[in-house]
Amino acid sequence: MGLLEFIKDYFIGFLDYETPKVMVVKNKKLGVIYRGVQFFVITYFIWYVFISQKAYQDSETRPENSVYTKMKGIALQGDHVLDMVEYVRPSEGGDVISTILRRVVTHNQRQGTCAEHFTVPNANCSKDSDCISGKVDFDGNGQRTGRCVPYYNQTFKTCEIQTWCPIEDYAAIREPALAEAINFTVYIKNAIHFPKFKVLRGNIKPNKRNGQKYLNKCHYNEEKHPYCPIFRLGYIAEQAREKFSELCRTGGVIGVFINWKCDLDLDPSECKPTYSFRRLDLRKNLPSSGYNFRFAKYYSKDGEEFRTLIKAFGIRLDVIVHGHAGRFSIIPTIINTVTAMTSVGICSIICDWIMLTFIDKNAIYSGRKFDDDSKVPNPSQTFTLPTEFTIISYGSTHSDLSEGVAL
């Protein structure tokens, strides 16, 4: 019998039909809560969803874009004048460009044999048998010859290697930083295309008469020159909250973020870019912090090949473009309007929970809210309920339950 009752209660009941019943509770506290939650939900959807997020618009967030960069400036290094060919990598520009701020130079290297640096593991020796011929230590600078030789002009010895000599760790010369680099300028040209809306915009304002003259004189300013795409390196470091002197010492990677947020319900000329700058590489006293790279300049002397090895510390600029465009469309407007109207129903759920859980006489409210026609009482019975309690039943008149309701 127990199993049959279970089936009856939980499976046959699946075919029961439920219909809502309107119950008016004349409780001022609950009424204030209900209207307050309603006001909050409606205000949230009107302000945040429709005004702030513009949910009435069709949007595009993956535009096509191109970036071209170019750097200018002159610096003095001793008696030498350095121009952009000397300190800019790569020279053709793109969405990544770097400038050299400080160099460590090893002059007159050539292929030969010399002593390994003493800091390389197992490089120190006292006899030839300590050095294995042909061994290549990837933490070192070359291939070992099997000989133990004096370490340049020192009294101790290290294993001899075949490599570019003299090695960088021994012969490198540290040059001073380029102080003038703080006034170097970088020109960033960006074009963006929203194919869904067939809108093409650029970060340079079209000006057929004085366009080139304007670009030769301007520097970017958010208020005065928002269409000038020329930035001082000192300004970029300042906006990224970095000390330029520290960047000269260790180098660093800075992101240049170009943000296009376009409301195409307005004139397309109102679609303007905004710029922000942020340091991208880790810099909290880590061995890998900063930015540097090596390159060499090769030359011949007396028929023999030589090179100058340069370890460069500098600023690398990564130009990152984000775009978002929106235009009014009836479909998202209808969808989000229906969603907003549906969400107002949460007010009744919250107030029902409060009424059935926290308010006095919640047992009486619960008994009147949920009716089961299989358990209808004798029609002669009369129930007296609180004065604030009223039932509206579909197909019947208003009943004031303060005087009793005959069921």
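The values are calculated or read from the model by the stated rules, or taken from the named source; none is laboratory data. Note that the coordinates shown come from a computational prediction; the quantities given were computed from them, not determined experimentally. Counting neighbours? That spans all protein chains shown, and the Cβs are built from the backbone with ideal geometry, glycine included. These accessible areas exclude ligands, DNA and RNA; they are computed on the full protein's heavy atoms, side chains included. Shrake-Rupley method; radii C 1.70, N 1.55, O 1.52, S 1.80 Å.
Sparse packing (at most 11 other Cβ atoms within 10 Å of the Cβ) combined with a DSSP loop state is found for the following trypsin sites (Lys or Arg not before Pro) in the range 250-326: Lys284. Residues whose amide H comes within less than 5 Å of that of Phe184, counting only those at least five positions distant or on another chain, are Leu233, Gly234 (H built at 1.01 Å from N in the peptide plane). Close amide H pairs (under 5 Å, H built 1.01 Å from N) link Gly93 with no residue at least 5 positions away or on another chain. Around the amide H of Arg147, modelled in the peptide plane, lie the amide H atoms of Glu160, all under 5 Å away and 5 or more residues distant in sequence or on another chain.
Between Tyr68 and Thr339, the modelled labels are 4.1 nm apart [label points 7 Å from Cα along Cα→Cβ]. Look at where the Cα atoms of the range 152-183 and of the range 200-242 average out, and the two centres are 41 Å apart. Here the label points at Ile346 and Thr61, each 7 Å from Cα along the C-beta direction, are separated by 2.0 nm in the simple model.
Run the numbers on the range 185-259 and let me know its relative contact order in percent, using alpha-carbon pairs under 8 Å that are six or more apart. Across the range 185-259, relative contact order equals 26 percent. With θ taken as phi - 60° and the Karplus curve 6.51 cos²θ - 1.76 cosθ + 1.60 applied, the whole-hertz 3J(HN,Hα) list for the range 230-244 is 10, 10, 6, 4, x, 5, 4, 5, 5, 5, 7, 6, 10, 7, 5 Hz, x standing for glycine and proline. Using a probe of 1.4 Å on the protein chains alone, the accessible area found for Thr155 is around 140 Å². Each distinct pair of alpha carbons in the range 117-166 adds a 1/r term; the inverse of their mean, the Kirkwood radius, is 10.6 Å. Full extension of the segment from Tyr214 to Val105, taken as 0.36 nm per residue of separation minus the current Cα-Cα distance, would add 35.3 nm.
Among the listed pairs Lys213/Lys272; Lys72/Lys311; Lys72/Lys198; Lys26/Lys54, those whose Cα-Cα separation exceeds 30 Å are Lys72/Lys198; Lys26/Lys54.
Using only side-chain charges placed at the Cβ, +1 for Lys and Arg and -1 for Asp and Glu, the dipole size of the range 117-166 relative to its Cα centre rounds to 100 debye. Where a ≥ b ≥ c are the square roots of the eigenvalues of the C-alpha gyration tensor, would you call the range 237-356 rounded, which needs a/c under 1.5, or, failing that, prolate if a/b is larger than b/c, or oblate? Here the range 237-356 falls in the prolate category.
Within the range 158-251, the GluC sites (Glu not before Pro) that combine a DSSP coil assignment with at most 12 other C-beta atoms in a 10 angstrom radius are Glu222, Glu223.
Of the trypsin sites (Lys or Arg not before Pro) in the range 28-129, the ones in a loop by DSSP (not H, G, I, E or B) with at most 12 other beta carbons within 10 Å are Lys127.
The slack in the chain from Val85 to Asp128, taken as 0.36 nm per residue of separation less the alpha-carbon distance, amounts to 10.8 nm. Note that the range 158-168 has calculated 3J(HN,Hα) couplings of 9, 5, 7, 10, 9, 5, 7, 10, x, 6, 4 Hz, one per residue in order, obtained from phi through the Karplus relation 6.51 cos²θ - 1.76 cosθ + 1.60 (θ = phi - 60°); glycine and proline are x. A 1.4 Å probe over all protein chains sorts Ser288, Ser52 by accessible area into Ser288, Ser52, starting with the largest. One quarter of the convex hull surface built on the alpha carbon atoms of the range 26-90 amounts to 10.8 nm², the projected area averaged over directions. Here the contact order of the range 80-157, divided by its residue count and restricted to Cα pairs under 8 Å and six or more residues apart, works out to 21 percent.
Quick one: order Val96, Val253 from most to least accessible surface, probe 1.4 Å. If you can, show how the numbers build up before the last one.
Working: Val96 55, Val253 15 Å².
I get Val96, Val253, largest accessible area first.
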